[in-house]
Amino acid sequence: MIEHFHSRWLVQDAQEITPRALLAVGQQGRVSGASKENGETQGNVTDLGDVVIVPGYVNAHAHLELPDLGQSGSGEFVPWVGRVLKRRAQLGIADYSAQVESGAKRALATGTTALGEVNSSGCGEAFLAQFPLRTRLYRELLDGDDGERTPEQRRRLALPFLEDLAGGLAPHAPHTVSDALLEACARECRARRLPLSIHWAETPEERDWLSRGVGPFAPFFKRSPSCSGLQRLARAGILDLPLTLVHGNHPEPGDLEELLRCGVGLVHCPGTHAYFDRPQAQLEKWAELGLSVALGTDSLASNGDLDMGREMSLLRAQHPGLDPATVLEWATRGGARALSLHNEIGDLAVGKWADFSAVDAAGMESEADVLEALTGARPEVLGVWIAGRQVWTKQ
């Protein structure tokens, strides 16, 4: 039996917005069609009322396990790292698990239906495997170029993933992972067909240490590779794998063009960008080049919320020249591409999973109004469906 969901507006993707429409969902939970209302519908009809049906948001980069640290706007990254390490030393398994659980619930309640979770503790995996939110679990790896830590990290990268979780690996960053561990990650991902997610070019300090061995990172690592972060990834054989790089605030000349050539995507995290009061990112250039771009929340340690609606709103405020359709694309299909799930989710095309939310449509009189509201005004999420099944509703 086909289930039809009726709404004031149907957003199948950022370019296809239909008024007074029906979304048809088959018994298997996949989209089977979409049409304007005509009074001749075959099957059950659920009238959702004065709402916009919008594809589920895809949070391409999160660390659900990390707690809120406060103290935003300092612009100083290295002292923040110290605060994170100090706070993490105070947390136990129960604390990490509780953070993952509360973060996943918050993400779902704000319209996110798929998420890329970078997890270093191993806590919360069982919860995520049974929670409705689609999760790509990236196992984070970091040895600090410390030979004593590398063998244990290499054992972790080979661990199996729970059956209901999509897996991936996340060597932390080019400046915090040894060549041996990077190369092991590349081999493992190639053998198991796993995607990678890596923090990259986030700060000038990272670039300074990688290329010249100077700056505040110098006391923490043994030796500089005397190359750019992208060159280090290339030497490890990573750039030709399914790869997403996170942040990308300080690329070297030619880096963006190389990413385009290799088909590597980028994730921007507007809330974290605002937290550190960073200079404006090169997003207009990313869009102009045609790079694959996604959005993420990062963690509560560097953001005030895990709400992708807020991320879009912050992005619009930071980059008022960006087209709202582009912003929505980055928060949906762009995220799906980043998680290597673009054949299954990211829009409401026929054959894809019927993952969507119903958002209050008050004041939306045109397609332009819909895009402006979704990306700028944070309209209220009233319900969330995954595979055509309602998994959350506003109380």
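Listing for the model above:
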read-out: Residues of region 128-160 that turn out to be under 19 Å from the mean Cα position of the chain (by Cα) and closer than 30 Å to Trp385 by Cα, as a count; value: 12
read-out: Any helices (runs of 4 or more DSSP H) falling wholly within region 277-341 and containing at least 2 residues that are surrounded by fewer than 21 Cβ atoms within 10 Å (Cβ to Cβ), among the basic types (Lys, Arg) and assigned by TED's automatic domain parsing to the domain that holds Leu64; value: 308-318
read-out: Residue within region 41-51 that is surrounded by fewer than 24 Cβ atoms within 10 Å (Cβ to Cβ), in a loop (DSSP other than H, G, I, E, B) and in the same structural domain as Asn119 (by TED's automatic domain parsing) present; value: no
read-out: Yes/no for Asp347 being part of a loop (DSSP other than H, G, I, E, B), in contact (Cβ under 8 Å) with a residue 24 or more places away in the chain, touching a strand residue (DSSP E or B) at 6+ places or on another chain (Cβ under 6 Å) and surrounded by fewer than 24 Cβ atoms within 10 Å (Cβ to Cβ); value: yes
read-out: Any chance Pro324 is farther than 17 Å from Thr375 by Cβ and out of contact with any Phe, Trp or Tyr (no Cβ under 8 Å at 6 or more places or on another chain); value: no
read-out: Residues satisfying the stated conditions in region 196-229, i.e. charged (D, E, K, R) and crowded, with 22+ Cβ neighbours inside 10 Å; value: Glu202, Glu206
read-out: Strands (runs of 3 or more DSSP E) contained in region 165-263 and holding at least 1 residues closer than 30 Å to Phe127 by Cβ and either among the polar types (S, T, N, Q) or over 19 Å from the mean Cα position of the chain (by Cα) (or both); value: 196-200, 243-247
read-out: Residues located in region 23-45, provided they are touching a His at 6+ places or on another chain (Cβ under 8 Å) and modelled with pLDDT of 95 or more; value: Leu23, Ala24, Val25
read-out: Some residue of region 154-167 being crowded, with 23+ Cβ neighbours inside 10 Å and of a type outside the set (A, V, I, L, M, F, W, C); value: no
read-out: Test: residue in region 240-253 that is over 18 Å from Ala186 (Cα atoms) and touching a Leu at 6+ places or on another chain (Cβ under 6 Å); value: yes
read-out: Tally, over region 169-201, of residues that are in contact with a Ser or Thr (Cβ under 6 Å, 6 or more places away or on another chain) and either closer than 26 Å to Ala336 by Cα or of a type in the set (D, E, K, R) (or both); value: 3
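The values are calculated or read from the model by the stated rules, or taken from the named source; none is laboratory data. Because the structure is predicted, anything quoted here is derived from the model rather than measured. All Cβ positions, even for glycine, are placed from backbone atoms using ideal geometry, and neighbour counts span all protein chains on display.
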